[in-house]
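Have a look at the structure below, then the notes.
The values are calculated or read from the model by the stated rules, or taken from the named source; none is laboratory data. Everything numeric in this text was worked out from a predicted model, so none of it was measured. With ideal geometry, Cβ positions are generated from the backbone for all residues, glycine too; neighbour counts draw on all protein chains shown.
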Amino acid sequence: MDRDVFESTLGKEKAHAYAMLEDSFEEFLNLNYPNKHSLSEMVKCYLADIKNQNVNWTVNDSLNISTLDQLEKSGLRKDILLYNNESYKERFDFGNYLNKDTSTVEIEIGEIDEDFEEVEEIPLTDRKVEKQFRKEELERRKIRDKFPKPNRNGLFYYALVKAQSNNEEVKLYASLITKYGEGPSPSLIAGAFLENFSGNELIKWENRLIIIVEIYLKSLIYNEIMKE
């Protein structure tokens, strides 16, 4: 089975760490969408909230910390995301699974998660407002600089494309990571999944993986950064 290929490529410890992340995500959904009767319904509501920027959720801090700790201890976090000061020596032959046409696909810049924001024009005479705006922008940049980037050479993405070598959507996602070193924005993922998948398709393990890594995991890390 393709999930077995994914887990065997990761190795036992890292596969266990990812399973913990999956369990953490499901507990988060149960905590925030208790009135929904299926996993697919909860995921759909979660994506709708992401798309509509309704992110006032209840979280289990102790579970989040233990999940992130396991990702660190196993080394899986580095296989997914790297901080600016980290190196990664392993290399994998993605070319065996990502053909030339897929790996060189052109992605519009607005689809890449660079956290770009529209800059509002500020009247030059309003010095106080301008100063506050510049201060807020500086703070946002500091947070962006602290946040890890997708590891374009990471074992996690190699294991995924190896397991899903016939899935063009997954290969397109992996190509975005391996070519640009950037993930799609949460709102883009939410909109695309809501538009193209429903029911059991929405929660197939490979689709759920993208949601978990690109939205849920990054939110856990972001929350920890904000605590510093």
- From the list ILE112, ILE122, which one is under 19 Å from TYR83 (Cα atoms), at pLDDT below 95 and not small (Gly, Ala, Ser)? ILE112
- May I ask you to say which residue of LEU63, LEU98, LEU21 is at pLDDT 95 or above and among the aliphatic types (A, V, I, L, M)? LEU21
- Item | Members of segment 24-38 found to be over 16 Å from the mean Cα position of the chain (by Cα) and under 11 Å from LEU63 (Cβ atoms), listed by number | GLU27, LEU31
- Message: Need a quick list: helices (runs of 4 or more DSSP H) entirely within segment 1-87 having at least 2 residues that are farther than 17 Å from ILE215 by Cα and among the β-branched types (Val, Ile, Thr).
- Response: 2-10
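Conditions tested, residue by residue: (1) crowded, with 19+ Cβ neighbours inside 10 Å; (2) over 28 Å from ASN153 (Cβ atoms); (3) of a type in the set (A, V, I, L, M, F, W, C); (4) within 15 Å of the chain's Cα centre (by Cα).
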{"site": "SER40", "(1), (2), (3), (4)": "no, yes, no, no"}
{"site": "VAL43", "(1), (2), (3), (4)": "yes, yes, yes, yes"}
{"site": "ALA48", "(1), (2), (3), (4)": "no, yes, yes, no"}
{"site": "VAL59", "(1), (2), (3), (4)": "no, yes, yes, no"}
{"site": "ILE65", "(1), (2), (3), (4)": "no, no, yes, no"}
{"site": "LEU71", "(1), (2), (3), (4)": "yes, no, yes, yes"}
{"site": "ARG77", "(1), (2), (3), (4)": "yes, no, no, yes"}
{"site": "ASN84", "(1), (2), (3), (4)": "no, no, no, no"}
{"site": "SER87", "(1), (2), (3), (4)": "no, no, no, no"}
- Message: Being touching a helix residue (DSSP H, G or I) at 6+ places or on another chain (Cβ under 6 Å) and among the hydrophobic types (A, V, I, L, M, F, W, C) is the filter here; which residues of segment 25-52 pass it?
- Response: PHE25, LEU29, LEU39, MET42, VAL43, LEU47, ILE50
- Only one of these conditions is not met by ASN60: (1) among the polar types (S, T, N, Q); (2) touching a residue at least 24 places away in the same chain (Cβ under 8 Å); (3) under 28 Å from THR178 (Cα atoms). Which number is it? (3)
